[in-house]
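What follows is a set of notes on a single structure, which appears directly below.
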Amino acid sequence: MSEERSKQLFAKALERIPGGVNSPVRAFWAVGRQPFFVERAQGPWIIDVDGNKYLDYVCSWGPGILGHSHPEVIEAVQKVCEKGLTFGAPTAGEVELAELICTCVPDVEMVRLVSSGTEAVMSAVRVARGFTGREKIIKFSGNYHGHSDGLLVKAGSGFMTHSVPDSAGVPAGYAASTLTAVYNDEKSVRRLMEENRGQVAAVVVEPVAANMGVVPPKAGFLEFLRRITEEEGALLIFDEVITGFRLALGGATQYTGVHADLHTFGKIVGGGMPLAAYGGRRDIMACVAPLGPVYQAGTLSGNPVAVTAGITTLKILMDDQGIYERIDRRACRLAEAFLKEGLAVNRAGSLLSAFFVPGWDVEQTDAVYAGERRENGPFVKNYEDACGCDRQAFADYFNRMLERGIYVAPSQFEAMFVSDAHSDGLIQETCRKIGESVRQGAGKPPVEKFSD
């Protein structure tokens with residue numbers, strides 16, 4: 001496997017781009033190597049600048065539910081580009097995409113388009129504060145909601161804490177209005193609510209956490225969040241930047257049956273282009289300018305090229321909802337392959353993570369459901385559990401998979417995504433490579449690279 005061109009590009013990138021990358025996890029530091037540079041992608045494959053071909057289970061961190069370069073999406077984008085790239089004025093496509101989002105997710109009665117998931121969650125939190133007249137929010141340790149100042153915080157010791165900044169440059173006073181609870185722990189949420197009664201504007205949560213590895217909510221947890229927010233006069237915000245249109249066409253609400261006051265969307269909703277959205281109840285969204293006093297704006301919001309990619313992607317998903325059955329079934333097969341090798345696995349639909357948990361007893365697992373909303377909850381249930389995983393074992397596994405032509409996320413704390421382009425045959429061969437890669441870590445010899 002040649003890496004010469006990627007190494008040359010990375011050396012140049014280090015001179016001009018912090019860490020050589022434009023998003024930290026792309027640096028591959030956690031897996032002890034330099035990143036490869038992608039040249040093109042098609043279907044389930046990505047090809048780097050050295051000509052190496054990888055079966056891709058990162059899917060651009062989620063947007064690629066249809067696979068790369070879907071012909072209908074590419075054709076639609078090419079046609080709209082001929083009309084112009086940006087106008088700074090309303091277009092018909094914005095209305096069509098808003099109607100599609102509201103049709104798919106009935107909780108969403110009004111929606112505002114923005115350009116990134118960070119912007120969507122930041123704006124939804126601002127709307128919640130404006131609507132309730134309160135300042136504090138509750139988030140969960142291990143849930144990532146973008147890099148806005150008030151959400152870059154982490155939990156301290158114990159069940160919960162007034163949060164401290166998790167990044168330099170974030171004022172401690174700003175972060176103090178963010179309270180951090182423990183995911184899947186109802187007591188930590190209730191105690192924060194009691195200690196800050198009448199001050200909490202919203203609880204913001206990944207309905208299926210996917211930034212500490214995939215961690216599904218235990219049975220009843222989201223229902224509890226719905227009840228306590230209603231009791232305390234706070235709003236419930238589902239951060240669906242990852243889960244939106246991935247777990248189901250109706251996102252987490254369709255998947256779990258739990259309704260939220262506000263939802264945020266990214267990744268799939270833009271069809272691979274920079275686009276995101278936030279929306280919810282009409283009375284809440286009426287607070288947004290120019291209707292109300294909560295200001296939010298963006299020059300490229302509703303960009304016609306991104307909107308077209310989003311419309312085309314959502315229409316494909318609406319026309320063939322069998323996609324969800326196919327990708328869920330294939331993800332379950334991958335989960336079973338990990339379980340067979342003795343790893344702990346969490347899965348929710350087509351999202352999954354294998355955890356290298358020291359001392360894990362595979363007999364505790366259910367190979368049929370592979371971590372999906374079981375009565376006893378997920379195998380890794382919160383951020384503390386995830387941090388107890390063997391990161392070096394994961395790094396070794398990652399490198400063995402890459403050597404075999406399979407690209408998974410270069411971090412123990414990211415999700416594995418399955419797309420509709422991953423055929424049953426490719427899934428079957430991936431399962432075989434999983435077994436070889438894990439067993440090689442136990443002293444077995446290496447085998448041949450992934451075959452086309």
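Taking the Cβ-Cβ separation of VAL95 and ARG439 as r and a Förster radius of 41 Å, what is the calculated FRET efficiency to the nearest 0.05?
For VAL95 and ARG439, the calculated efficiency is 0.15.
Would you mind computing, in nm to one decimal, how far apart the modelled labels at GLU325 and THR103 are, each placed 7 Å from Cα along Cα→Cβ?
Result for the modelled spin labels: 2.2 nm.
From the cross-link list LYS7/LYS53; LYS340/LYS433; LYS83/LYS267; LYS53/LYS79, which pairs have alpha carbons spaced over 21 Å apart?
Over 21 Å apart, Cα to Cα: LYS83/LYS267; LYS53/LYS79.
Compute the accessible area per residue over region 243-286, keeping the other protein chains in place, probe 1.4 Å, unit Å².
24 Å²
Give me the 1.4 Å probe accessible area per residue for region 385-442, excluding ligands and nucleic acids, in Å².
31 Å²
Leaving out ligands, DNA and RNA, and with a 1.4 Å probe, what % of the accessible surface on region 186-272 is carbon or sulfur?
Reported share for carbon and sulfur atoms: 42 percent.
Amide H of ALA219: which non-local residues (sequence gap of 5 or more, or other chain) have their own amide H closer than 5 Å, using H built in the peptide plane?
GLY377
For region 79-235, rounded, prolate or oblate, judged on the Cα gyration tensor with a ≥ b ≥ c (square roots of eigenvalues), a/c < 1.5 rounded, else prolate if a/b > b/c?
Prolate shape, in that a/c is at least 1.5 and a/b is the bigger ratio.
Less than 16 Å from a label point 7 Å out along the Cα-to-Cβ axis of ARG16: which backbone N atoms in region 30-52 qualify, by residue?
37-38
Accessible area of region 46-107 with a 1.4 Å probe: how many percent of it is carbon plus sulfur?
That fraction is 57 percent.
Roughly speaking, what is the centre-to-centre gap between region 29-52 and region 73-121 when only Cα atoms are used, to the nearest Å?
Going from one Cα centre to the other spans 29 Å.
For region 275-353, what is the convex hull (Cα atoms) projected area averaged across all directions, in square nanometres?
8.2 nm²
Can you pull the percent of region 314-354's accessible area that's carbon plus sulfur, 1.4 Å probe, other chains left in place?
About 45 percent, which is the carbon plus sulfur part of the accessible surface.
Multiplying the sequence separation of GLU39 and VAL25 by 0.36 nm and subtracting their Cα-Cα distance, what value in nm do you get?
On the way: separation 14, 0.36 × 14 = 5.04 nm, distance 1.87 nm.
Length difference between fully extended and current span is 3.2 nm.
For the peptides 299-309, 34-44, what is the packing order when you average, over each peptide's residues, the other Cβ atoms within 10 Å and list the highest mean first?
The densest-packed peptide leads the list: 299-309, 34-44.
Taking only DSSP H segments of four or more residues, each worth -39500 (n - 2.57), what value at 222 nm results for the chain once the sum is divided by all its residues, to the nearest 500 deg cm²/dmol?
Calculated mean residue ellipticity at 222 nm is -11000 deg cm²/dmol.
Multiplying the sequence separation of LYS315 and ASN399 by 0.36 nm and subtracting their Cα-Cα distance, what value in nm do you get?
So the chain would gain 26.5 nm between LYS315 and ASN399.
Which number comes out as Rg/Rh for the chain once both Rg and the Kirkwood Rh are worked out on C-alpha atoms?
Numbers: Rg = 21.5 Å, Rh = 22.5 Å.
Computed over Cα atoms, the ratio is 0.95.
Taking the DSSP beta bridges in the chain as the whole, what percent of them are antiparallel, to the nearest 5?
Of those bridges, close to 60 percent are antiparallel.
Loop-only chymotrypsin sites (Phe, Trp or Tyr not before Pro) in region 293-358, please: DSSP not H, G, I, E or B, and at most 13 other Cβ atoms within 10 Å.
The qualifying sites are TYR295.
Taking amide H positions as placed in the peptide plane 1.01 Å from N, state which residues far from ALA181 in sequence (5 or more) or on other chains have amide H under 5 Å from it.
Distant-sequence amide H within range of ALA181: LYS139, PHE140, SER141.
The values are calculated or read from the model by the stated rules, or taken from the named source; none is laboratory data. Predicted, not measured: the structure shown is a model, and the values here were computed from it. Positions of Cβ are generated from backbone atoms using ideal geometry, with glycine treated the same way; all protein chains shown enter the neighbour counts. When the accessible area is computed, the model is the full protein with side chains, heavy atoms only, and any ligands, DNA or RNA have been set aside. Shrake-Rupley method; radii C 1.70, N 1.55, O 1.52, S 1.80 Å.
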